[in-house]
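Student: Sharing a structure below in structure tokens format, with a few things to ask.
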């Protein structure tokens, strides 16, 4: 049997697929970060299963234990507390080890905090960058903001509520006009999506909020990102508009040539 990697709800326990429920019910063992958390999901859907803890502190040991069982044909399902195992959660080591050992791996998709936050933010573009958990410390954050100035698309990151105020202040110092969204408690009862500039959000979240946070960053403001290349791209849009090309079409043409988001050029040229 293949190792089944199962996505689970990021908040609302109803957000689980029928395939995942069937796999969890049929599994010989369900690997989970917190057995209490996973037991709550199973009880909600009337499923009984044998649970085995699998987290960052015992991942290496459990992987060694489970490979022979997978090879022997046991049905093993892997879940994390929320979302897809292996993406900022334990699981990647077991998946790699299983594949290296010739064990098939099947992935059962489901909820994603990254994509949910990205769409809810209103900052969706043709591409995006996932940053995982943001680095700690002012210097490392400042380095990241500088790096992202050259990235002309949105970015999504996880952040702890305790560190969020300092992170937003750091971002506001680097690029106060940058569009962003703080997505809190996604899919849960007290879900909140706060949108605004970095400066506005830094003021709004002066104190740590409650709940899990996903932070979406728009591209750097036109004056901060890309330097001369972006200035030339914006100048090209202006010239095309002056020559009689509709502004939307001008932004589309230059976007295709320069690799800068169309909406970003359009707004900056107004």
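Student: Residues in the stretch 1-38 that are over 24 Å from residue 93 (Cβ atoms) and either assigned to a loop (DSSP other than H, G, I, E, B) or not assigned by TED's automatic domain parsing to the domain that holds residue 65 (or both): how many?
Tutor: 7
Student: Considering the stretch 254-266 alone, what residues qualify as being modelled with pLDDT under 80 and under 27 Å from the mean Cα position of the chain (by Cα)?
Tutor: Those that are modelled with pLDDT under 80 and under 27 Å from the mean Cα position of the chain (by Cα): 256, 258, 259, 260, 261, 262, 263, 264.
Student: Give the number of residues within the stretch 253-262 that are crowded, with 16+ Cβ neighbours inside 10 Å and closer than 19 Å to residue 128 by Cα.
Tutor: 5
Student: Quick check on this structure: which one of 140, 232, 189 is under 30 Å from residue 248 (Cβ atoms), free of Cβ contacts under 8 Å to residues at least 40 places away in the same chain and exposed (fewer than 15 other Cβ atoms within 10 Å of the Cβ)?
Tutor: Residue meeting the stated conditions: 232.
Student: Does residue 67 satisfy the criteria of being touching a residue at least 24 places away in the same chain (Cβ under 8 Å) and under 16 Å from residue 16 (Cα atoms)?
Tutor: No, not satisfied.
Student: Where in the stretch 42-142 are there helices (runs of 4 or more DSSP H), lying fully within it, with 1 or more residues that are in contact with a helix residue (DSSP H, G or I) (Cβ under 6 Å, 6 or more places away or on another chain) and closer than 18 Å to residue 29 by Cα?
Tutor: Details: elements: 59-71, 92-100, 113-121.
The qualifying helices (runs of 4 or more DSSP H) are 59-71, 92-100.
Student: So residue 75 clears everything in (1) more than 28 Å from residue 185 (Cα to Cα); (2) in the same structural domain as residue 213 (by TED's automatic domain parsing) except one condition, right? Which one?
Tutor: (2)
Student: In addition: Keeping to the stretch 106-137, report how many residues are surrounded by 16 or more Cβ atoms within 10 Å (Cβ to Cβ) and touching a residue at least 40 places away in the same chain (Cβ under 8 Å).
Tutor: Summing the residues that are surrounded by 16 or more Cβ atoms within 10 Å (Cβ to Cβ) and touching a residue at least 40 places away in the same chain (Cβ under 8 Å) in the stretch 106-137 gives 14.
The values are calculated or read from the model by the stated rules, or taken from the named source; none is laboratory data. Note that this is a predicted model, so its numbers are computed, not measured. Quick reminder, even Gly has a Cβ in these numbers, built from the backbone with ideal geometry, and neighbours come from all protein chains shown.
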